[in-house]
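Working notes, beginning with the structure itself.
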Amino acid sequence: MRYTSSFVTLLGAVLLALLVSACGGGGGGSSAGSNGGSTVTNTSPSPQVLAANAVQVSVDAGVSGVPNMPFVSVTICAPGTSQCQTIDHVLVDTGSWGLRVFASQLPASMNLPQQKDGSGNQIAECMQFFDGYTWGPVKLADLQIAAEKAPSLPIQVIDPGYASLPSDCAAVGASRNTPAALQANGVLGIGVFKHDCGANCVQTAVPATYYGCTGTSCKSIPLAEQYQVANPIPYFATDNNGSILNLPMVSGGAQSVTGQLVFGIGTQSNNGLGSAQVIGVSPQNGTFTTVQNGTTYSRSILDSGSTGLFFQSSALPVCASPNSSYYCPSSTQSLSAMIQGVNGTTSAVNFSVGNAAAIAQTYSGSSALPLLAGPAFVTSSIFDWGLPFFYGRSVYAAVEQQATPGGIGPYVAY
């Protein structure tokens, strides 16, 4: 179900370097030039009064200044103790499942128990994303976020020095084993599945996924779901059937924006489904279908962990090398697509794609950029609705097997 997950930051691209190096600008009133003449919006909402089941989400400069990354703070504790550490700038990722934090972010005195399988193997994981991997042991921790708690949750502790990195993991792609390489202090995967590999890994050892380690030697193994890295939401005592990511509308660009991540669907007065359209997703891989400009993308996802809209299209010109990860139309293109759920629901979506090179210049210093799109990392069957889709919407992710007012998960809604 997670092979391979999302999370696209386009690290190392020259265009991103332009966006990052231009920090500190971004006054209001600039025109977008060939990017459509939008006005820069660099204001954030007033400080929020948060309910017990909600946590503030910030799209800001973060760890490395990469735009379109939504962050929260999480607190992890050694199970059953008050020995805790709060970690900020953890990426909110609706396209993956489970919490991943760096060993370097934890105090040396914090002793998290090592996860072991039924045979006593010490478990490690190679987590595969579109653009690389994270490596490290699976450990148990009590997680608290807002007022919600998930006790003894299996998490990945990212540690490049753990054991010996297996060759099949190293072959996946770029290492994301430091905060600078990941562009975040961790990843909070809150997508529609309970575990990050699920049934796929139970009977068969999936290459470059889970390992049993003895000393420095690790071998690929199958792993029962109860031992896998887990989405924390279904392990909360309440508000455990899904989440809502709510971000404000952004016009052109904003230096930073603030929103909310709300836990539960239809469990409190602040998380009702309302008139949101329920899009059923595949119970095997969490995907739905997008049809855009006559092309069918059968493996589409709603993915807050991706920094743009990523899809292949011959109708949009790619930026000149070395910025070919992005599209560079001569002016902002107003486009439309039809999203089709496996439940038969269809939903028309309007979106815009700007000239990425012009965006880098016009919105220097901005962290929220709703017009970024490109063909990077995706195949012809994938439409990755990244963070630009989330601006101005409340986006729901209902967890598999959990009852909600919109039916049993998994589904997404907006």
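Read-outs: derived from the displayed coordinates by stated rules, not from any lab. Remember, it's a predicted structure, so these values are computed and weren't measured experimentally. No Cβ is skipped: glycine too gets one built from the backbone with ideal geometry, and neighbour counts run over all protein chains shown.
In a simple Cβ point-charge model (Lys, Arg +1; Asp, Glu -1; nothing else charged), the chain has a dipole of about 160 debye relative to its Cα centre. Stretching the chain fully between Ser380 and Ser331 yields a gain of 15.2 nm (0.36 nm per residue, less the alpha carbon separation).
Electrostatic tally near Ala141: other residues with Cβ closer than 12 Å to its Cβ, Lys and Arg +1, Asp and Glu -1, net +2. Applying 0.36 nm per residue to the separation of Ala180 and Lys219 and subtracting their alpha-carbon distance, the gain on full extension is 11.2 nm.
Structural descriptor for the stretch 269-413: relative contact order 33 percent, calculated from alpha carbon pairs under 8 angstrom and at least 6 residues apart.
Taking the convex hull of the alpha carbon positions in the stretch 292-382 and averaging its projected area over all directions gives 6.3 nm².
Per 0.36 nm of contour for each residue apart, how much would the distance between Val202 and Gln401 grow if the chain were fully extended, relative to their Cα-Cα spacing? Numbers along the way, then the final one.
Details: separation 199, 0.36 × 199 = 71.64 nm, distance 1.79 nm.
Answer, rounded to one decimal: 69.8 nm.
Residues whose amide H comes within less than 5 Å of that of Val250, counting only those at least five positions distant or on another chain, are Gly392 (H built at 1.01 Å from N in the peptide plane).
Can you check what the net charge comes to around Asn53, using other residues whose Cβ is under 9 Å from the Cβ of Asn53 (Lys, Arg +1; Asp, Glu -1)?
Working: positive: none; negative: Glu148, Asp239.
That sum, taken over residues with Cβ under 9 Å, equals -2.
Once both labels are positioned 7 Å from their Cα atoms along Cα-to-Cβ, the gap between Thr238 and Asn270 label points is 1.3 nm.
Counting only lysines at least 8 places from Lys194 when in the same chain, those with an alpha carbon closer than 16 Å to its own are Lys149. For the stretch 54-235, the relative contact order is 27 percent, taking Cα pairs closer than 8 Å that sit 6 or more residues apart in sequence and dividing their mean separation by the residue count. Whole-Hz Karplus values for the stretch 155-171 come out as 10, 9, 9, 6, 8, x, x, 6, 6, 10, 4, x, 5, 6, 6, 4, 7 Hz, taken residue by residue from phi with 6.51 cos²θ - 1.76 cosθ + 1.60 and θ = phi - 60°; glycine and proline positions read x.
Put a dot 7 Å past the Cα of Leu50, heading toward its Cβ, do the same for Ser314, and the two dots end up 4.8 nm apart.
Of all the options Ala184, Ala141, Ala320, the one that moves most in a Gaussian network model of the chain with Cα springs shorter than 10 angstrom is Ala320.
Do me a favour and compute the ellipsoid semi-axes for the stretch 54-235 from its Cα gyration tensor, root of five times each eigenvalue, largest one first, whole Å.
Working: eigenvalues 111, 70, 49 Å².
The equivalent ellipsoid of the stretch 54-235 has semi-axes of 24, 19, 16 Å.
Neighbours of Phe351, meaning other residues whose beta-carbon lies under 15 angstrom from its beta-carbon, give a summed charge of -1 when Lys and Arg score +1 and Asp and Glu score -1.
Dividing the mean sequence gap of close Cα pairs (under 8 Å, 6+ apart) by how many residues the chain holds gives a relative contact order of 22 percent.
The Cα atoms of the chain define a convex hull whose projected area, averaged across directions, is 18.8 nm².
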